[in-house]
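**Q** The structure that follows is given in the form of structure tokens.
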Amino acid sequence: AGKFYQHAPTETSQATLASVSPVFAVMKFDKEGNTTYFEKKKTELYQELGLQARDLRFQHVMSIATRNNRIIMRMEFLKAVITPEFLLILDYRNLSLERWLLNELASQLAGEGQLVTYSLPFEFRAIEAILQYWISKLQGRLNTLQPQILEILEDLVDPKLLSVDRSKLHILLQNGKSLSELETDVKVFKETILEILDEEEVIEELCLSKWTDPQVFEESTSGIDHAEEMELLLENYYRQAEDLLNEARELRVLIDDSESIIFINLDSHRNVMMRLNLQLTMGTFSVSLFGLIGVAFGMNLESSLEEDPRIFWLVTGIMFLGSGLIWRRLLSFLGRHLEPPLPPHVPSVMKKSQPTAGRVEIKTSLKGETFGLSRGTLTNQ
């Protein structure tokens, strides 16, 4: 009785822990592309696959690992376990993922798609299908962002605009944030593949059929070992990810350059307004200066000048003429000090080479280096 009471709490706790074990919604694909659906607890699933509980934890955002002749892949929300005989997709209930699983993956695994590894063992087709799906998803995100960003930048860098539309700046800010997230995802994808490429043993472990059927991996039809073909497969998607990252970086550089152009345009319009304000201030000063004559004649003081009927037109003409002359003088002074200076003359360095067969070769090197042009070579007979 004492032993019974001692073991009863342990059995109860084990039953409780087993009952709260997470349940995976699993989609299973075999070599022929046949699909089955089922739900299974985590404890039962890792026991059937010969794995540990930590192997199905999927704690990493993106990872590719091998455990007990099983390939465990995690591409954010895409969780997959690959064996030499079948492919398991865990927690597949996602709209975009479910569409891909039903419409494309089954046919690709059966050899009806455009996979280049259709003649290789099953794990090659499964890995390529998952990598192809993920790289196409990243490419689709870039294809969605690129036209939106280019359209907004084209509107913002228009030199005719005196102000910037804040709504477009807000959209550009959101797209820039999405572009940064895309760059991060592509970098993580690249680093995940690069970690495998740097480890020859991991590449060997990814060839699951090598351990179950070694004769399959003796040599392929192209004369390349299948482990090398696995490396070439990973390098192919690494290169695609690198090209995708370069496109995203070029778009980022374009955004930064466009921001500089926008600031330049705004500064130019601001300078125009400041110059107009300065011209009006100088005009006001010129009129006020010669307006003192009118103020002097407007005082209640008697003199002999106010009796002459022509003195009004004479004083008025002097005021307008003097104001105009001073204003023109100030404008010329403003033009001399605010106009940008002319670019300095760049002398071309003439280099005369030794005459060969009656020809003299002259090279203008400095001019091409200054303006970013290619060096011109003139040949004179």
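**Q** Within the range 116-133, can you find the residues that are within 28 Å of the chain's Cα centre (by Cα) and more than 24 Å from L45 (Cβ to Cβ)?
**A** Within the range 116-133, E128, Q132 meet the criteria.
**Q** Another question about this same structure. Looking at E112, E98, E44, can you tell me which residue is open to solvent by 60 Å² or more (accessible area, probe 1.4 Å), of a type in the set (D, E) and in contact (Cβ under 8 Å) with a residue 60 or more places away in the chain?
**A** E112
**Q** Would you point out which residue out of T192, T117 is touching a strand residue (DSSP E or B) at 6+ places or on another chain (Cβ under 9 Å), hydroxyl-bearing (S, T, Y), more than 20 Å from L251 (Cβ to Cβ) and in contact (Cβ under 8 Å) with a residue 60 or more places away in the chain?
**A** On inspection, the qualifying residue turns out to be T192.
**Q** Working only within the range 121-161, note down all residues that are touching a Pro at 6+ places or on another chain (Cβ under 9 Å) and either without any contact (Cβ under 8 Å) to a residue 60 or more places away in the chain or charged (D, E, K, R) (or both).
**A** Correct list: E123 only.
**Q** For the range 45-104, which positions are among the acidic types (D, E) and in a loop (DSSP other than H, G, I, E, B)?
**A** E76, E85, D91
**Q** Same structure again: Does G283 satisfy being more than 60 Å from the chain's Cα centre (by Cα), farther than 30 Å from L197 by Cα, part of a helix (DSSP H, G or I) and not basic (K, R)?
**A** In short, no.
**Q** Working only within the range 66-85, note down all residues that are touching a residue at least 40 places away in the same chain (Cβ under 8 Å) and open to solvent by less than 40 Å² (accessible area, probe 1.4 Å).
**A** Answer for the range 66-85, where residues must be touching a residue at least 40 places away in the same chain (Cβ under 8 Å) and open to solvent by less than 40 Å² (accessible area, probe 1.4 Å): T66, I71, M73, M75, L78, A80, I82, T83, P84.
**Q** Of all residues in the range 181-210, which are open to solvent by 50 Å² or more (accessible area, probe 1.4 Å) and farther than 21 Å from Y238 by Cβ?
**A** Once the filter is applied, which keeps residues that are open to solvent by 50 Å² or more (accessible area, probe 1.4 Å) and farther than 21 Å from Y238 by Cβ, the range 181-210 yields only K210.
**Q** Looking for something surrounded by 11 or more Cβ atoms within 10 Å (Cβ to Cβ) and either at pLDDT 50 or above or part of a helix (DSSP H, G or I) (or both) - is there at least one such residue anywhere in the range 338-350?
**A** Within the range 338-350 (the criterion being surrounded by 11 or more Cβ atoms within 10 Å (Cβ to Cβ) and either at pLDDT 50 or above or part of a helix (DSSP H, G or I) (or both)), the answer is yes, since at least one residue qualifies.
**Q** Being on the phi > 0 side of the Ramachandran plot, open to solvent by less than 70 Å² (accessible area, probe 1.4 Å) and either at pLDDT below 80 or among the aromatic types (F, W, Y) (or both) narrows it down to one residue among G298, G223, G283, G294; which is it?
**A** Result: G223 is the single residue among G298, G223, G283, G294 that is on the phi > 0 side of the Ramachandran plot, open to solvent by less than 70 Å² (accessible area, probe 1.4 Å) and either at pLDDT below 80 or among the aromatic types (F, W, Y) (or both).
**Q** Is it the case that the range 292-300 has a residue that's in contact with a Leu (Cβ under 7 Å, 6 or more places away or on another chain) and over 30 Å from L131 (Cβ atoms)?
**A** Looking for residues that are in contact with a Leu (Cβ under 7 Å, 6 or more places away or on another chain) and over 30 Å from L131 (Cβ atoms), one finds none in the range 292-300, hence no.
The values are calculated or read from the model by the stated rules, or taken from the named source; none is laboratory data. As the structure is a computational prediction, the values presented were derived from the model and not from experiment. All Cβ positions, glycine included, derive from the backbone under ideal geometry; neighbour counts span all protein chains shown. For the accessible areas, the whole protein counts, side chains as well, though only heavy atoms, and no ligand, DNA or RNA atoms are used. Shrake-Rupley method; radii C 1.70, N 1.55, O 1.52, S 1.80 Å.
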